Amino acid sequence: DTGVSQNPRHKITKRGQNVTFRCDPISEHNRLYWYRQTLGQGPEFLTYFQNEAQLEKSRLLSDRFSAERPKGSFSTLEIQRTEQGDSAMYLCASSLVSSGRDEQFFGPGTRLTVL
Amino acid sequence: AQSVTQLGSHVSVSEGALVLLRCNYSSSVPPYLFWYVQYPNQGLQLLLKYTSAATLVKGINGFEAEFKKSETSFHLTKPSAHMSDAAEYFCAVSNTGGFKTIFGAGTRLFVKA
């Protein structure tokens, strides 16, 4: 399977705990994106990387959120001191930027439930 | 700033009937426009995209959309609905760099037998 993969698929945690999600993009893709999707809403942009550089962060990404892409391949999204409002589906996408084309391919998402 | 409005959070059609999902966008620059489909517990799959070439865009699974600049619309259609089309559909807009995609709230399509 050469698609975008995300782990874990589901995470249940207690309020105040830290969680970390992983995204493995399509191997040759140089851009990687994180989105958050709450029930009944479309995905909301959180941040994106071009290779290992984090180029933009949404104001939705509070200080408790941090994302890394250390070697320009996989990425992690960490949420510290989780709150019930963090419960959502976290989607990762990747794309190959060439000749102005930037089609994003999405992973299956990680569903976070904060109790 | 860019935004997307999807008219109708739920649309119900009979199998074999026309599917019409409405999307209006706002963009201060020439936009890229997309339609994605999401099945339960899955990620988003690209149906089609408009990138300033032909205004009528054909996508996968028999879907197509027409870019109408004067109406700032990008409605999604399919001539004949199948049961397998039941899913959530999202319209999205991005700038020409494509790095920041803004999604609409989605329209859930129900297909009745």
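Using the Kirkwood radius built from alpha carbon pairs, what does the Stokes-Einstein equation give as D for chain A at 37 °C and 0.692 mPa s, in µm² per second? Calculated translational D: 232 µm²/s. What is the calculated FRET efficiency for A:T13 to B:T55, with r their C-beta to C-beta distance and R₀ = 45 Å, to the nearest 0.05? E(calc), rounded to 0.05, equals 0.45. Residues whose amide H lies under 5 Å from that of A:S5, counting only those 5 or more places away or on a different chain, are A:D24; hydrogens are built 1.01 Å from N in the peptide plane. For region B:1-87, taking the reciprocal of the average inverse distance between every pair of different Cα atoms yields a Kirkwood hydrodynamic radius of 13.7 Å.
Taking every alpha-carbon pair in region B:60-113 and binning the separations at 5 Å intervals from zero gives 4, 16, 20, 26, 18, 10, 5, 1, 0 percent.
For the pair B:A1 and B:S28 in one chain, pulling the backbone fully straight at 0.36 nm per residue adds 9.1 nm over the alpha carbon distance. Going 7 Å from the Cα of A:Q80 in the Cα-to-Cβ direction, what parts of region A:1-19 have a backbone nitrogen less than 15 Å from that spot? Of the residues in region A:1-19, A:16-19 have backbone N under 15 Å from the label point off A:Q80.
The HN-Hα couplings worked out from phi for region B:105-113 by the Karplus form 6.51 cos²θ - 1.76 cosθ + 1.60 (θ = phi - 60°) are 6, x, 10, 8, 9, 10, 10, 9, 6 Hz, whole numbers, x standing for Gly and Pro.
Mind scanning A:K11/A:K71; A:K57/B:K69; A:K57/B:K100 and naming the pairs with a C-alpha gap bigger than 21 Å?
Details: A:K11/A:K71 25 Å; A:K57/B:K69 30 Å; A:K57/B:K100 10 Å.
From A:K11/A:K71; A:K57/B:K69; A:K57/B:K100, over 21 Å: A:K11/A:K71; A:K57/B:K69.
Scanning residues 5 or more positions from A:S87 or on other chains, those with amide H under 5 Å from its amide H are A:V114, with H placed 1.01 Å from N in the peptide plane.
Laboratory data are not the source of any read-out in this text; all were calculated from the coordinates shown. Since we're looking at a predicted model, the values are computed, not measured. Cβ atoms come from the backbone with ideal geometry, glycine included; neighbour counts cover every protein chain shown.
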